Amino acid sequence: MVLEVKNLTKSFHGQQVLKGIDLSVDAGDATVILGPSGAGKTTLLRCMNFLETADGGEITFDGRTRPIQEMTKKEIRAYRMNTAFVFQGFNLFLNKNALANVTEGLTVVRKTDKATAKRIGMEALARVGLADHADKYPHQLSGGQQQRVAIARALATDPEIIFFDEPTSALDPELTGEVLSVMRSLAADGMTMLIVTHEIEFARTVSNRIVFMEDGRVVEAGETKRIFTHPEKERTTAFLKLQETLSKEEEQP
Amino acid sequence: MNNVWELFLDSFPKILLPGLTMTIPLTVISFSIAMVIAVIAAMIVYVKVPVLTPLIRGYIWIFRGTPLLVQLFVVFYGLPRVGVLIAPFPAAVIVFSLNEGAYCAETVRAALEAVPTGQFEAGYCVGMSFLQTMRRIVLPQAMRTAFPPLSNSLISMVKDTSLAANITVTEMFMVTQRIVARTYEPLLLYVEVGLIYLIFSTALTFIQRAGEKRLSAYTARG
Ligand SMILES: Nc1ncnc2c1ncn2[C@@H]1O[C@H](COP(=O)(O)OP(=O)(O)O)[C@@H](O)[C@H]1O
Ligand SMILES: [Mg+2]
């Protein structure tokens, strides 16, 4: 097990958005979180990387279990150095070219020497098929390319887990494929990933675990094949059916 | 007419010299200090540091809400009343720095606020601290946004240094006034000093353009 949260709760303005989430990710797992908009998926990922402060719960990482609220700044930074986050809106450093985006976390945070950082950075860019675009700035890249640079940036620091929050939702349909295929190859390489997505086909074919969330709760979690063939909860069945219809409509307009 | 031309040629270097030895140093020194004040003040307000934020806001409020000339008089003619005597040039530097710092702090703060919060979050997620992200990611982007308005402030400041004549700084305008008193050619000489200010600000405009070009590498603009 790489990462586990227990009884994670979070409210915004008195409104409880996460109502006690239990979730664990094993090494090499590609776990997909599914669920309708507003379910709390983004908030969960952001709490798991401390971009939001959860109200309560426990987190286990590197064999240490800590109450989330007691994590010190130092512990959070150490934790973040072993995790990575891919945002819906890419969030590339706008004043840095692709290579510098990827190496920033190495040279600045880990004090990696320039030559080594460059080598690792170029390898990471090659892995997402963008070695030729190393010196381009974000505004010179398409959305799909920007998201692939963001994935390279996540890979460069060799994290134990990468969080993805709807990595293709901000992209034009014709650009989602290139990002999903990069993620597919990472899954094949055994990268541990926790992915929020609405790409149902991707979830079905790439992930090995599904967590279905609704209204701030985990409704059902389990092996991908099982969830798709024998979902236990009615809500899961309904959601999957709806998603499959939607994605079929997209394919045949 | 010949006389006029001769006076022009004769007075030109006499006015230009204090331009080079007073106006430019006064501008460069004051603006540099103002930038340090502006960046620090802007960051304090941006982060909402308790206690300091209201102090900074008060400082900005006072220096933006009162005339520069009044500020010069208070520091140079007023403060000696309570035993604080400051020589003309340092007094001018203090007032111009604080005045310009107040204006530029607002410019830099607005530019900081225009940087998307996702830039910070991305920095945190690769393990950077707040200060590292600020220094390497957010502040450079904010300064890029703030560059044109800051350049405009600098150009205004060159012209405003003429007010220092009122506190006996022998800068260009003061020297011009003295020549006028001697030759009684106000039209010619005041147009002439205006022309020199024009040359200074035009030069700065060119520098501004070149600077913007260099900074445009990572923006879709320009
Ligand atoms: N920063 C915030 N402030 C207030 N409410 C928020 C904030 N972020 C999310 N919410 C609310 O929390 C709920 C869950 O949001 P979110 O985690 O974004 O859901 P999902 O990603 O599953 O669509 C929504 O009702 C949303 O309006
Ligand atoms: Mg979301």
Practice problem: Kindly establish whether A:Thr103 is under 20 Å from A:Met191 (Cβ atoms) and either within 16 Å of ligand 2 (Cβ to nearest atom) or at pLDDT 95 or above (or both). | Solution: yes
Quiz item: From the set of residues in the range A:66-90 that are away from every other protein chain (no Cβ under 11 Å) and either assigned to a helix (DSSP H, G or I) or in contact (Cβ under 8 Å) with a residue 12 or more places away in the chain (or both), which is nearest to ligand 2 (Cβ to nearest atom)?
Solution: A:Ile68
Self-check item: Residue in the range A:10-19 that is within 16 Å of ligand 2 (Cβ to nearest atom), away from chain B (no Cβ under 14 Å) and within 15 Å of the chain's Cα centre (by Cα) present
Solution: no
Quiz item: What do you reckon, is A:Thr192 more than 16 Å from ligand 1 (Cβ to nearest atom), at pLDDT 95 or above, more than 14 Å from chain B (Cβ to nearest Cβ) and more than 15 Å from the chain's Cα centre (by Cα)?
Solution: no
Practice problem: Name, by its number, the condition in (1) more than 16 Å from ligand 2 (Cβ to nearest atom); (2) under 18 Å from A:Asn91 (Cβ atoms); (3) away from every other protein chain (no Cβ under 14 Å) that does not hold for A:Ser207. | Solution: (2)
Quiz item: A:Thr168 is checked against (1) more than 16 Å from ligand 1 (Cβ to nearest atom); (2) in a loop (DSSP other than H, G, I, E, B) and fails just one. What number does that condition carry?
Solution: (1)
Quiz item: Does at least one position in the range A:48-58 carry a residue that is within 9 Å of another protein chain (Cβ to nearest Cβ), within 16 Å of ligand 2 (Cβ to nearest atom) and not small (Gly, Ala, Ser)?
Solution: yes
Practice problem: Six or more apart or on different chains, Cβ under 8 Å: which pairs go from a residue in the range A:165-194 that's touching a residue at least 60 places away in the same chain (Cβ under 8 Å) and more than 21 Å from B:Gly118 (Cα to Cα) to one that's within 16 Å of ligand 2 (Cβ to nearest atom) and open to solvent by 40 Å² or more (accessible area, probe 1.4 Å)? Could you list them? | Solution: none
Self-check item: Total residues in the range B:119-129, condition at the interface with chain A (Cβ under 8 Å from one of its Cβ atoms) and either in contact with a Cys (Cβ under 9 Å, 6 or more places away or on another chain) or open to solvent by 10 Å² or more (accessible area, probe 1.4 Å) (or both)
Solution: 4
Practice problem: Could you tell me which numbered condition A:Leu8 fails, if it satisfies all but one of (1) under 20 Å from A:Phe164 (Cα atoms); (2) near ligand 1 (Cβ under 10 Å from one of its atoms)? | Solution: (2)
Self-check item: Top-ranked residue of the range A:24-39 - restricted to ones that are within 16 Å of ligand 2 (Cβ to nearest atom) and open to solvent by 10 Å² or more (accessible area, probe 1.4 Å), ranked as farthest from the other protein chains (Cβ to nearest Cβ)
Solution: A:Pro36
Exercise. Check the range A:44-61 and report whether any residue there is open to solvent by less than 50 Å² (accessible area, probe 1.4 Å) and either closer than 22 Å to A:Ile200 by Cβ or outside the structural domain of A:Thr197 (by TED's automatic domain parsing) (or both).
Key: yes
Practice problem: State yes or no: is A:Thr9 part of a strand (DSSP E or B), modelled with pLDDT of 95 or more, open to solvent by less than 20 Å² (accessible area, probe 1.4 Å) and of a type in the set (Ser, Thr, Tyr)? | Solution: no
Quiz item: Of all residues in the range A:151-189, which are under 19 Å from A:Ala98 (Cβ atoms), more than 16 Å from ligand 2 (Cβ to nearest atom) and away from chain B (no Cβ under 14 Å)?
Solution: A:Leu175, A:Glu178, A:Val179, A:Ser181, A:Val182, A:Met183, A:Ser185, A:Leu186
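Can you name the residue in the range B:130-140 that is within 7 Å of chain A (Cβ to nearest Cβ) and over 13 Å from A:Arg153 (Cβ atoms) and, of all such residues, is nearest to the chain's Cα centre (by Cα)?
Our first condition is that a residue be within 7 Å of chain A (Cβ to nearest Cβ); within the range B:130-140, this holds for B:132, B:136-137, B:140.
After this cut, where a residue has to be over 13 Å from A:Arg153 (Cβ atoms) as well, the list is B:132, B:136, B:140.
Values: B:Gln132: 28, B:Arg136: 25, B:Pro140: 20 Å.
By that ranking, first place goes to B:Pro140.
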Quiz prompt | Residue list for the range A:202-245, restricted to those being touching a residue at least 24 places away in the same chain (Cβ under 8 Å) and open to solvent by 50 Å² or more (accessible area, probe 1.4 Å) | solution = A:Arg204, A:Asn208, A:Arg209, A:Asp215, A:Arg217, A:Glu244
Exercise. Name, by its number, the condition in (1) out of contact with any Ser or Thr (no Cβ under 6 Å at 6 or more places or on another chain); (2) closer than 25 Å to B:Ser216 by Cβ; (3) more than 9 Å from chain A (Cβ to nearest Cβ) that does not hold for B:Ala114.
Key: (1)
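Tell me the residue from A:Asp165, A:Asp172, A:Asp135 that is open to solvent by 40 Å² or more (accessible area, probe 1.4 Å) and under 27 Å from A:Val108 (Cβ atoms), please.
On the way: A:Asp165 fails: open to solvent by 40 Å² or more (accessible area, probe 1.4 Å); A:Asp172 fails: under 27 Å from A:Val108 (Cβ atoms).
From the options A:Asp165, A:Asp172, A:Asp135, the qualifying one is A:Asp135.
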Quiz prompt | Odd one out for A:Leu51 among (1) under 20 Å from the mean Cα position of the chain (by Cα); (2) at pLDDT below 95 | solution = (2)
Quiz item: When you look at A:Val218, is it in a helix (DSSP H, G or I) and at pLDDT 95 or above, yes or no?
Solution: no
Quiz item: List the pairs whose first member sits in the range A:93-118 and is touching a residue at least 60 places away in the same chain (Cβ under 8 Å), whose second member is open to solvent by 30 Å² or more (accessible area, probe 1.4 Å), and whose Cβ atoms are under 9 Å apart, counting only residues at least 6 apart or on separate chains?
Solution: none
Practice problem: Quick one: A:Ala156 ticks every box in (1) touching a residue at least 60 places away in the same chain (Cβ under 8 Å); (2) under 17 Å from A:Ala84 (Cα atoms) except a single one, so which number is it? | Solution: (1)
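Can you find, within the range A:93-120, the residue that is farthest from the chain's Cα centre (by Cα) among those that are facing another protein chain (nearest Cβ under 7 Å) and among the aliphatic types (A, V, I, L, M)?
Quick first cut of the range A:93-120, residues facing another protein chain (nearest Cβ under 7 Å) only: A:93-95, A:104-105, A:108-109.
This time we only want the ones that are among the aliphatic types (A, V, I, L, M), so: A:94, A:108-109.
On the way: A:Leu94: 21, A:Val108: 23, A:Val109: 21 Å.
If we take residues in the range A:93-120 being facing another protein chain (nearest Cβ under 7 Å) and among the aliphatic types (A, V, I, L, M), then A:Val108 is farthest from the chain's Cα centre (by Cα).
The values are calculated or read from the model by the stated rules, or taken from the named source; none is laboratory data. The structure displayed is predicted, hence computed values, not measured ones. Methodologically, a virtual Cβ is constructed for each residue, glycine included, from the backbone with ideal geometry; neighbour enumeration extends over all protein chains shown. Side chains are part of the model used for accessible areas, which takes the heavy atoms of the whole protein and leaves out ligands, DNA and RNA. Shrake-Rupley method; radii C 1.70, N 1.55, O 1.52, S 1.80 Å.
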